[in-house]
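Here is the structure we will look at, set down as structure tokens.
The values are calculated or read from the model by the stated rules, or taken from the named source; none is laboratory data. Keep in mind it's a predicted model, so treat the numbers as computed, not measured. Here Cβ is always computed from backbone atoms with ideal geometry, including for glycine, and neighbour counts include all displayed protein chains. Each accessible area value is taken on the protein alone, full model and side chains, heavy atoms only, with ligands, DNA and RNA left out. Shrake-Rupley method; radii C 1.70, N 1.55, O 1.52, S 1.80 Å.
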Amino acid sequence: MTAEALLLLSAATMFALVPGYLLWLRTARPLRKSSVVPDLPTRSRVSVLLAVRDDADWIQARLENLAALAEPRGGLEFWIIDGGSHDETAAIAEAFSHLDSRFRLVREITGGRIAQLDAGLACSEGEWVLVTGADARMAPHAVLQMLAVAEDAGDVAAVGAPVDPHGAPVLGRLHTRSSNAARSAEARIGSAAVVTAACYLFRRDVLPRGFAEGVIADDVHVAMAAAACGKRVGFAEAAIIHTLGSPQGLAEIFEYEVGRARACLREVARFFPHLREFAAPARAIFLWRAAQMFVYPAAALGLAASSAVILWSAGTAAAATVTLALAGAMLVDAWLAARVGRQARLAPAAALAALMAAVRMTAVVTMPFARRNAHAACTGSREAHKKTGQPRGGTAARYL
């Protein structure tokens, strides 16, 4: 294949995987019209799992926020799972549990966030499980709104919500808004690809034996496990989750996103053999997302390599033409993604597109060398760029 042919193929692939996907989401026929009544109380009992570690600065306000949630008819139970904090986190949680009997503290669960969530699953009894983080803040009716989406149709087994990152830089806010819009569109046509760790809801029978071995991104794992059960992942538009611990600065955002991309790659590889079990909409969305994770980096690398070869071998005029054409193609790609994703400004959209391309390439290239530890980049906590421990072992799970 010539360098010119590789350049055209790579550019076409990048167009198809980003603007093409967003255009498909906007133009695809909705699965059905929803009849959700957002504040409708339900009979379900919900177990709320709050995994904490060294969150003394956050936990008091978070517990007060949880205590103010409106309850479904089945009630709420709250499990605070401490991961071996070295500060006053456990003491604050214990004192709060004495004031409100719905709250219970589980101490000294070592092994990282997944081990904490497994311990919470073993202790709790609710039909539905809500996982959230110490830095998240929820409106009083958020649980009811998520349950309403879940119970509006019998085939929804997990529900996510839009995230509003407080204090995030421009690129962080733009990326979060784009992600919210994509998940909303995916749910509209069938099933959202993922939920977010800040807050998500799922049926207990999605994980009958806890999380699988080696899970890092619990939110991605839950969404794909729900799809592998033949169920759908919903999206509660009204249940906005505010988060306080966003990565700051380009280096922190890059590290956060690379860690999350690696975790997502692991889950894509884990669930790919179970693709036949996915419902049709979830299967199509899974394939699109998998291609974005694996194929897009290869296309971007091919684009860069073919451009370098052409620029090296061509004359001055031809090199200038290729350079202008390449810059124009990248701008058109970013413009299409910005328009389809309802983003008004081109420059931040182009910067975000370049950042995410670098993130995906880095994640794919470094994946074989990355340590398999539970990374807080996928937890939504204030320590978004800090490693929190090794994955636990010995838990039987459905998907190995």
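Couple of notes before you dig in:
- One residue from 162, 169, 140 being at pLDDT 90 or above and more than 17 Å from the chain's Cα centre (by Cα): 140
- Answer from 286, 272, 254 - the residue that is in a helix (DSSP H, G or I), open to solvent by 30 Å² or more (accessible area, probe 1.4 Å), aromatic (Phe, Trp, Tyr) and at pLDDT 90 or above: 272
- Residue satisfying all of: in the stretch 228-238; of a type in the set (A, V, I, L, M, F, W, C) and within 16 Å of the chain's Cα centre (by Cα); most open to solvent (accessible area, probe 1.4 Å) among these: 235
- Of the residues in the stretch 296-306, not one is within 15 Å of the chain's Cα centre (by Cα), crowded, with 18+ Cβ neighbours inside 10 Å and assigned to a helix (DSSP H, G or I).
- Odd one out for residue 106, checked against (1) in contact with a Pro (Cβ under 9 Å, 6 or more places away or on another chain); (2) open to solvent by 20 Å² or more (accessible area, probe 1.4 Å); (3) closer than 22 Å to residue 54 by Cα; (4) at pLDDT 90 or above: (1)
- Filtered by the rule that a residue be without any contact (Cβ under 8 Å) to a residue 60 or more places away in the chain and in contact with a Lys or Arg (Cβ under 8 Å, 6 or more places away or on another chain), the stretch 161-186 gives no residues.
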